[in-house]
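Report on the following structure.
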Amino acid sequence: MNSGTPWKPGTGLVTGTLAGVAVAVICAMAGASRPSGLDTTTAAASLGAGLLVGLGACWISHDRESRPFTPWDWLLSFIWALASMRAFLWVLYPADNEWRVLSPYNLGDISLHIHLIRYFASGVPFWPDSPILSGVPLTYPPGADFFNSLLLLVGVPVERGLVWTGLVGAAMSGWALWRWGGAFAMAAFLFNGGLAGFALFQTGALEDFQSTGAWKNMFLTMLVPQRGLLFAIPCGLLLLTSWRETYFRGGTGVPTFVQWILYAAMPLFNLHAFIFLSLALGCFFLFATSARARILLFTLASLAPATLAVWLVTGGFAAANGLHWKPGWMQEDEGAMFWIMNFGIALPLGALLLWSGGVRGDAESRAVTLLAIGVFVLCSLVSFAKWEWDNTKLMLWAWIAAAPYVWSRVLLPWPTAARIATCIILFFSGAVSLAGGLDGRHGYKLADRSELDSMRTLLADVPPASRLAVEPEYNHPAILLGFPVVCGYEGHLWSHGLDYRKTLAALQRVLALDPGWIDDADAIKAEWIVQPGTPPRLIKVPPAGD
């Protein structure tokens, strides 16, 4: 994969786009800190500021290294483009009277994203309260959804904005993976998996066999539903590539002030990516001895804005309460078979990398190898959220960071036949899952369009951003219209580490209009009640004591 004709990648275009998005979001959040919150003027001005900064970053950012573009690169780029178009052109689409999503992984996630986009655009001041639970601040990186709110306010419908940002983010992610590690890194992301997919030879049916495992297909379960990764993956890999070129190879990356903007803004888009990048800076500081002063200066310059961003998205660091000791990660009673089925030969390849890259490699290989393996081991011992599966949001960074070095330090010295056989075993299960997860049999109902229209009519006189008491369903029409609710979907609340049990019990009494419901409604800050029924009934909550 290292032969071919030179091809100049679009570093300036990707850098400018990422910097422009980051600046637009930061400016709009600052503007939305007024009591009136976000409005069309603020959104347009912020997008304009982002455009100017993006154009400037594009103009001064150049890629001074020519990576050969091989037939393997063309093949993986073609597969990446097909998968991205299939996933994002149908990320949310109409079918008769329904809004549908292509992937079952995206049902709960996209409803939350739609909720946040419309909630931010309704004019709530920043930093906002959580739209899914009364009485707590938002504890979620809102950057990607907030950017879509800006688009909504300047006339881009939510549905179209989700498609456009998905396609652009996927294209930048594919480019960044290629720039970081060539075709092998792209394949590592598209086709990660263990041995589950070999069930194809037993069943004869093309399915996402990894859906029941812990290490699921990254493209299906990360890039598509986790919208912050549409920014974080290209941004994080752009930073890693720049740091590698600057600190270890004597080259130059994107301008330092652009790196500073992207790194400091990262917590607003994806906290796990920020954690990994921070650990990367620490490892690079240890191994890139000649660059220690520059790394330290960069870190110190980023400390205040990055810490503020982390403080905001964690509710004053309160969201860290899900951290707990969990040796064995999600293996439960499966023992060694859990690791074999989920990761297959990736684990022995990692052990070989530890020797060839971590022990015998140069400073660059040792830094990245020990970073990647250290993060993976840490995630195997400690859970960073109440839902242990969330550790994969860190594990994915360990895997894609290690991928180029698995190729260059482990596989490249092998005979061609051995390399091909290893790649087939390594990527077969993930390829089966990707094909099975994107085929034409899929399509899942998110909402009835007529129900959304009816709810829009019912709530026409309710002031925007009024908090509603509704049934705690992930796809409740009021939620999809962007109204904050007293208590949302339990899956979202639990995975975000929010203490919601008492509020949920009070909500159920309010919806049933049990004796004392007015006092309960006041306690949980409900302003209106959408009582279930056909049709639903809207009730204005009177002052407590009436």
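Every number in this text was worked out from the coordinates using simple rules, so none of it is lab data. Small disclaimer: the values here were computed from a predicted structure and weren't measured. Note that each Cβ is placed from the backbone with ideal geometry, even for glycine, and that neighbours are counted across all protein chains shown.
Just rank LEU434, LEU206, fewest to most, by other beta-carbon atoms within 10 angstrom. Don't skip to the answer; put the middle values down first.
Values: LEU434 26, LEU206 15.
Listing LEU434, LEU206 from fewest to most nearby Cβ atoms yields LEU206, LEU434.
I'd like the FRET efficiency for LEU504 and LEU89, computed as 1/(1 + (r/R0)^6) with the beta carbon distance as r and R0 of 60 Å, rounded to 0.05.
Numbers: r = 37 Å, r/R0 = 0.62.
It comes out at approximately 0.95.
Fewest Cβ neighbours within 10 Å first, please rank SER134, SER149, SER433 accordingly.
Ascending Cβ contact count within 10 Å gives the list SER134, SER149, SER433.
Between ILE425 and ALA544, what length in nm is gained on full extension when 0.36 nm per residue of separation is reduced by their alpha carbon distance?
36.3 nm
Using θ = phi - 60° and the Karplus relation 6.51 cos²θ - 1.76 cosθ + 1.60, list the HN-Hα couplings for region 333-341 in order, rounded to whole Hz, with x at every Gly or Pro.
Going residue by residue, I get 9, 7, x, 4, 4, 4, 6, 5, 5 Hz, with x marking Gly and Pro.
Quick one: check the C-alpha center-to-center distance for region 310-361 versus region 169-192, whole angstrom.
Centre-to-centre distance over Cα atoms comes out at 21 Å.
For region 445-540, what's the relative contact order in percent, using C-alpha pairs closer than 8 Å and at least 6 residues apart?
Working: 123 pairs, mean separation 26.9, N = 96.
Reported as a whole number, the value is 28 percent.
Can you give the local net charge around GLY344? Use residues other than it whose beta-carbon is closer than 15 angstrom to its beta-carbon, Lys and Arg +1, Asp and Glu -1.
The answer is 0.
May I ask you to list the lysines whose Cα is less than 23 Å away from that of LYS216, ignoring any residue fewer than eight positions away on the same chain?
Here the lysines satisfying the reach criterion relative to LYS216 are LYS326, LYS386, LYS393, LYS445.
Apply the Karplus parameterisation 6.51 cos²θ - 1.76 cosθ + 1.60, with θ equal to phi minus 60°, to every residue of region 297-307 and state each ³J(HN,Hα) to the nearest whole Hz, in sequence, with x for glycine and proline.
5, 4, 5, 5, 5, 8, 4, 5, x, 5, 5
Choose one of LEU277, ALA43, PRO464: the residue whose Cα lies farthest towards the positive end of the charge dipole of the chain (beta-carbon charges +1 Lys, Arg; -1 Asp, Glu; about the Cα centre).
LEU277
Go ahead and run the numbers for FRET between ASP333 and ARG34, Cβ-Cβ distance against an R0 of 41 Å, rounding to 0.05.
0.15
Quick one: putting +1 on the C-beta of Lys and Arg, -1 on the C-beta of Asp and Glu, what dipole do you get for region 445-540 around its Cα centre, in Debye to the nearest 20?
That gives region 445-540 a dipole magnitude of about 100 debye.
Step through the residues of region 179-187 one at a time and calculate ³J(HN,Hα) from phi using the Karplus curve (6.51 cos²θ - 1.76 cosθ + 1.60, θ = phi - 60°), rounding each to whole Hz and writing x for Gly and Pro.
Residue by residue, region 179-187 yields 5, 6, x, x, 4, 5, 5, 5, 5 Hz.
Name the residues whose placed amide hydrogens come within less than 5 Å of the amide hydrogen of LEU446, ignoring near sequence neighbours (fewer than 5 apart) on the same chain.
TRP99, ARG100, VAL101
Where the centre of each part is set by its Cα atoms, how far does region 480-546 sit from region 246-273, in angstrom?
Between the Cα centre of region 480-546 and that of region 246-273, the gap is 43 Å.
Per 10 Å bin, what is the whole-percent P(r) computed from every C-alpha pair distance within region 445-540?
16, 51, 30, 3
Under 5 Å between amide H atoms, partner at least 5 residues away or on a different chain: which partners does PHE69 have, H built in plane at 1.01 Å?
Excluding prolines and chain starts, which carry no amide H, the hits are THR5, TRP7.
Can you find, among GLY161, TYR119, ALA176, the residue sitting farthest towards the positive end of the charge dipole of the chain, where Lys and Arg contribute +1 and Asp and Glu -1 at Cβ?
ALA176
For the chain, what does the relative contact order come out to in percent, with C-alpha contacts under 8 Å and a separation of six or more?
Across the chain, relative contact order equals 19 percent.
Hey, what angle do you get for helix 256-265 against the long axis of the chain, alpha-carbon based, 0 to 90 degrees rounded to 10?
Between the helix axis and the principal axis of the chain, the angle is about 40 degrees.
Please determine, in degrees from 0 to 90 and to the nearest 10, the orientation of helix 143-153 with respect to the longest principal axis defined by the Cα atoms of the chain, where the helix direction is its Cα long axis.
Roughly 50 degrees, rounded to the nearest 10.
With +1 on each Lys and Arg Cβ and -1 on each Asp and Glu Cβ, and nothing else charged, work out how big the dipole of the chain is about its Cα centre, in Debye to the nearest 20.
On the way: 33 positive and 35 negative charges, 341 e Å.
Approximately 1640 debye in magnitude.
How tilted is helix 40-60 with respect to the longest principal axis of the chain? Cα atoms for both, answer in degrees (0 to 90, nearest 10).
Approximately 10 degrees, to the nearest ten.
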